[in-house]
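Contents: one structure, followed by commentary.
A short reminder: the numbers here are calculations on the coordinates, not readings from a lab. Model, not experiment: these values are computed from the prediction. For neighbour counting, all protein chains shown are included, and Cβ atoms are generated from backbone atoms with ideal geometry for every residue, glycine included.
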Amino acid sequence: MPMKQQFTPHQNASVPLAAMKGDKTVSQIASLHQVHPTQIRQWEKIAKEGLQSIFADKRKREDKEKDDLIEELYKIIGQRDTELAWLKKKLHLDS
């Protein structure tokens, strides 16, 4: 069984860029870079999706990350409060 071919990050970037240029057909690019045409189409799709995230508003992404962190922290605090109340009940400690 042949070994799975490993591609460098440079290949992963340059091959789909060549496909997006449209100067050559996918078959020509596949032959030139010794990559299966299906792989080129997958890389091209990934590259196009990745470009959208590069140009996305970073502030919105950072705000969402902060909101997610705050939500997770509130969840942990609520869980700790519940655990503390349970322990107080079990040890008969009333505050």
Once Lys and Arg are counted +1 and Asp and Glu -1 for all other residues with Cβ under 14 Å from that of residue 55, the total becomes +3
Of all lysine pairs in the chain that are eight or more residues apart or on different chains, those with Cα atoms under 26 Å apart total 21
Quick calc: nm separation of the 7 Å Cα→Cβ label points for residue 20 and residue 88 -> 5.7
Taking Cα atoms only, helix 37-54 is inclined relative to the longest principal axis of the chain by an angle, in degrees rounded to 10, of 50
Most packed first (mean Cβ within 10 Å per residue), the peptides 5-16, 35-46 order as 35-46, 5-16
Mean separation of Cα contacts under 8 Å (at least 6 apart) over the residue count of the chain, i.e. the relative contact order in percent, is 19
Expected unfolding gain across residue 66-residue 34 under the 0.36 nm per residue rule, minus the alpha-carbon gap, is 7.1 nm
Shape descriptor, the chain: equivalent ellipsoid semi-axes (Cα gyration tensor, sqrt 5λ, whole Å, largest first) stand at 54, 19, 8
